[in-house]
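Only one structure is covered here, and it is reproduced in the block below.
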Amino acid sequence: MTGVHFLDAAAPDGIRLYAIGDVHGRLDLLRAMHGQIRAELMRDKPADWRIVHLGDYVDRGPDSKGVLAFLAERMAEDPRIVALAGNHDTNFRTFLDDGDTSGLFSRYGGIDTARSYGIAADFSNPAAAEKSRAALAVAVPSAHRNFVDGLPRSVAFGDFFFCHAGIRPGVSLADQDPHDLIWIREPFLSHAGLHEKVVVHGHTPQDEAEIMPNRVNVDTLAYASGRLTAFVVDGHEKRLLEARTD
């Protein structure tokens, strides 16, 4: 299979691309990033543009509710803003349906998400988890549920393929398993060969963005580091953009 090397990859003619890493409830950083992007677009006036969010909007940070509301509002205003599903987002919806205390939401930051909706969740036992689920199910607006339910798993522009976690090497992009797109780490991360397109993803946090010949990882642990990273492509030009709290 012929692949695309990062150095050769380009955005579609006339379209500037922004890919934003995992937000995890950091509405402050998301707003700051959108402010920086808006300033660039007003200054440079590219012919067209897309902003792609790579998933994981909820859990761990302080304002998951605010992040979902912000994205839903911005996407309703402009269809050039895209949001993809992350594993934390889909498991948030799963918890609202079944209250599973062994799932990702209960174990990794769901308490923070519930708090943003005004619910003091307790996942210590099945009875408490069900009570928390019922309260959260009332508190979460149907618009937020529908927003998460409607998130696609991937999108492609030019020589770049965007998803939350990565892809299964050796499988065509058209045939990727939806589960892999939001969950995979290995063998994707250690795979050295080129893919059909350069894969832009998050999911696996790093101190700094990773730029490899076959992939770009922009998850810089925003909820803890205070740094939200975006990858920017304009033609063959590529760079990073960062929103910080300091």
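The values are calculated or read from the model by the stated rules, or taken from the named source; none is laboratory data. Small disclaimer: the values here were computed from a predicted structure and weren't measured. With ideal geometry, Cβ positions are generated from the backbone for all residues, glycine too; neighbour counts draw on all protein chains shown. The area values use the complete protein model at the heavy-atom level, side chains included, leaving out ligands, DNA and RNA. Shrake-Rupley method; radii C 1.70, N 1.55, O 1.52, S 1.80 Å.
For the stretch 134-148, the Karplus equation 6.51 cos²θ - 1.76 cosθ + 1.60, evaluated at θ = phi - 60°, returns couplings of 4, 5, 5, 4, 6, 6, 7, x, 4, 4, 6, 4, 5, 4, 5 Hz by residue, with Gly and Pro reported as x. Of the trypsin sites (Lys or Arg not before Pro) found in the stretch 152-218, the ones in coil according to DSSP and having at most 12 other Cβ atoms within 10 Å of their Cβ are R185. Simple point charges give the picture: +1 on the Cβ of Lys and Arg, -1 on the Cβ of Asp and Glu, and for the chain a dipole about the Cα centre of about 420 debye. Close amide H contacts of K238 (hydrogens built in the peptide plane, cut-off under 5 Å, sequence separation of 5 or more or a different chain): none are found.
Provide, for the chain, the number of lysine pairs with alpha carbons under 27 Å apart, each pair being eight or more places apart or on different chains.
Numbers: K45/K197; K45/K238; K65/K131; K197/K238.
The number of close lysine pairs in the chain is 4.
Residues in the stretch 64-77 carry Karplus couplings, in order, of 4, 4, x, 5, 5, 5, 4, 5, 4, 5, 5, 5, 5, 6 Hz; the curve used is 6.51 cos²θ - 1.76 cosθ + 1.60 with θ = phi - 60°, and Gly or Pro positions show x.
Each DSSP beta bridge with both residues in the chain is either parallel or antiparallel, and the antiparallel ones are about 55%. Work from the charge dipole of the stretch 31-124 (Cβ charges, +1 for Lys and Arg, -1 for Asp and Glu, about the Cα centre) and give the residue of Y108, G86, A47 farthest towards its positive end. Result: A47, furthest along the dipole toward the positive end. Using C-alpha pairs below 8 Å separated by at least 6 residues, the relative contact order for the stretch 41-142 is 28 percent. Positive-end ranking of T220, L173, G35 along the dipole of the chain, with charges on Cβ about the Cα centre, is headed by G35. Each label point is 7 Å from the Cα along the Cα-to-Cβ direction; what then is the distance between the points at K45 and A135, in nm? My value for the distance between the label points is 5.4 nm. The phi-based Karplus calculation (6.51 cos²θ - 1.76 cosθ + 1.60; θ = phi - 60°) puts the 3J(HN,Hα) values of the stretch 196-205 at 4, 9, 6, 8, 10, 8, x, 6, 10, x Hz, whole numbers, x for Gly and Pro. Relative contact order for the chain using alpha-carbon pairs under 8 Å, separation at least 6, rounded to a whole percent? Dividing the mean separation by the residue count of the chain yields 28 percent.
Using a 1.4 angstrom probe on heavy atoms only, work out the carbon and sulfur share of the accessible area of the stretch 91-153 in %. After summing per-atom areas, the C and S share lands at 51 percent. Residues whose amide H comes within less than 5 Å of that of V52, counting only those at least five positions distant or on another chain, are Y18, A19, I20, V82 (H built at 1.01 Å from N in the peptide plane). Fully extending the segment from T245 to A120 would add 42.3 nm, taking 0.36 nm per residue of separation and subtracting the current Cα-Cα distance. Excluding ligands, DNA and RNA, the accessible surface per residue across the chain is 42 Å² with a 1.4 Å probe. Around the Cα centre of the stretch 138-233, unit charges on the Cβ atoms of Lys, Arg, Asp and Glu (plus for the first two, minus for the last two) sum to a dipole of about 180 debye. Under the simplified labelling scheme, the N146-L189 pair shows an inter-label distance of 3.7 nm, with each label point 7 Å from Cα along Cα→Cβ.
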